[in-house]
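Written below as structure tokens is the structure these notes are about.
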């Protein structure tokens, strides 16, 4: 099992955003690409992946590869899936997930709660330029990787992550987009380092 | 210098496609993501990259990192850039490129002509599951990588590529999307294997 947690601090927490301008919707374009980069193969799904989008530190949309249906590779349809999840926000009570469609659920959880849940199953690693270069270590078993969408982590978020993280891993010398970081991480694990 | 050649056999060759349904436009979503994966860093451009989209084996849209302006990370705006290039199709006479905007040009070149031009500067490699695993070789100097967008290469295209290619390289055991393959390839070169 591999997990990815993508933190979108300024991401929408309601379904009131337009599919025609995803960058303006808290970089929903990038969040959508993180979902597809983590879950899609060329002709199929990565079944043993779970991806968690933490939106505005208020809601988490969870994608489970094992049960996922209806995920397509383009940004717009993926953003529409996230929007449909957020449309159920009033149904998300306590920390009980609302299943929105097969393999997609919405839960009222901030970053701390999401990390707490994920850390029950997986060791958490932060992807970070100052971390251990991936060439200097073997890929972890059953890891969860935390990424920020396009900004540096808030100080609060960085502290929260530090509480849960088993380490920091650096993918390479260039700062790349989160979706590309996910593709590189998958390849690192696929090829066993 | 790194180059990427992405072959979109059923891609549009006119500007008559809708930005609201990029997958239906010959998988313009994927072509757009290949452009951004090849040229964008987290906060900047890869200046020594050139990317060539071969559309319908009739036109090639070329992106040059060194001079590129106005490229954003989302699919829709990138597809709009490609559409603006195709709007100049009547101006593309012979094999003289039409500069559409800074760093973006359109040229009436099929795959063969594009490979011939690129091979003057770079060694051409096909990314292919049956190729040499990247772990078993060092990254080439000044390479050009050829990828298909989402289908297998046409037999004709595969033959054309074989005429120019110095070798085939396999990125890993899983078949991944072309944009993710580009991200992985960049990381391979960035980290010097």
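Read-outs: derived from the displayed coordinates by stated rules, not from any lab. Treat the numbers as computed from the prediction; the structure is a model and nothing was measured. Cβ placement follows ideal geometry from the backbone for every residue including glycine, while neighbour counts extend to all protein chains displayed.
Using alpha carbons only, what's the Rg to Rh ratio of chain B with Rh from Kirkwood?
Here the Rg-to-Rh quotient is 0.93.
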Original post:
How far is residue B:167 from itself in the other copies, in nm, if each label sits 7 Å out from Cα along the Cα-Cβ line, shortest first?
Top reply: 3.0
Original post:
Mean separation of Cα pairs under 8 Å and 6+ residues apart, divided by the residue count of the range A:44-193: what relative contact order is that in percent?
Top reply: 20 percent
Original post:
Which whole number gives the average, over all residues in B:182-191, of C-beta atoms from other chains lying within 10 Å of the residue C-beta?
Top reply: 6
Subject >> Residue among A:154, A:43, A:128 with the largest mean-square fluctuation in a Gaussian network model of chain A, springs linking Cα atoms under 10 Å >> reply: A:43
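I need the shape label for the range B:73-148. Rule: rounded when a/c is under 1.5, else prolate if a/b > b/c, else oblate, with a, b, c from the alpha carbon gyration tensor.
prolate
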**OP:** Of the DSSP beta bridges with both residues in the range A:2-111, give the percent that are antiparallel, rounding to the nearest 5.
**Re:** 70 percent
Original post:
Of the residues B:81, B:22, B:41, which exhibits the maximal mean-square fluctuation in a Gaussian network model of chain B defined by a 10 Å Cα contact cut-off?
Top reply: B:41
Original post:
What are the nm distances, shortest first, from residue B:133 to its equivalents in the other copies, labels at 7 Å along Cα→Cβ?
Top reply: 2.1
Original post:
Between copies, how close do the residue B:14 label points come, placed 7 Å along Cα→Cβ, listed in nm from shortest?
Top reply: 4.3
Subject >> Calculated FRET value between residue A:116 and residue B:66, using beta carbons and R₀ = 41 Å, to 0.05 >> reply: 0.30
Subject >> DSSP beta bridge pairing in chain B, given as percent antiparallel to the nearest 5 >> reply: 40 percent
Original post:
Which angle from 0 to 90°, rounded to the nearest 10, does the C-alpha axis of helix B:28-39 make with the longest principal axis of chain B?
Top reply: 60 degrees
Original post:
How far is the Cα center of the range A:71-130 from the Cα center of the range B:1-62, in Å?
Top reply: 30 Å
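Go ahead and estimate [θ] at 222 nm for chain A from helices alone: -39,500 (n - 2.57) per DSSP H run with n ≥ 4, summed, over the residue count, rounded to 500.
Values: 5 runs with 55 residues, N = 193.
Per the formula, -8500 deg cm²/dmol.
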**OP:** If a/c stays under 1.5 just call it rounded; otherwise compare a/b with b/c (prolate if a/b is bigger, oblate if not). Do that for the range B:2-111, with a ≥ b ≥ c from the square roots of the Cα gyration tensor eigenvalues.
**Re:** oblate
Original post:
To the nearest 10 degrees, how steep is helix A:178-190 against the longest Cα principal axis of chain A, on a 0 to 90 scale?
Top reply: 50 degrees
Original post:
What average number of partner chain Cβ atoms lie no more than 10 Å from the Cβ of the residues making up B:133-139?
Top reply: 1
**OP:** Please build a GNM for chain A, connecting alpha carbons under 10 Å apart, and tell me which residue among A:167, A:70, A:44 fluctuates the most.
**Re:** A:44
Subject >> Per-residue mean of C-beta atoms belonging to partner chains within 10 Å, peptide B:167-179 >> reply: 4
Original post:
What FRET efficiency do you get for residue A:18 and residue A:141 if R0 is 30 Å and r is their Cβ-Cβ distance, rounded to the nearest 0.05?
Top reply: 0.15
Original post:
For all pairs of alpha-carbon atoms in the protein assembly as shown, what percent lies in each bin of width 20 Å, listed from the first bin to the last filled one?
Top reply: 30, 57, 13, 0
Original post:
What angle do you read, to the nearest 10 degrees and between 0 and 90, between the alpha-carbon axis of helix B:155-164 and the longest principal axis of chain B?
Top reply: 60 degrees
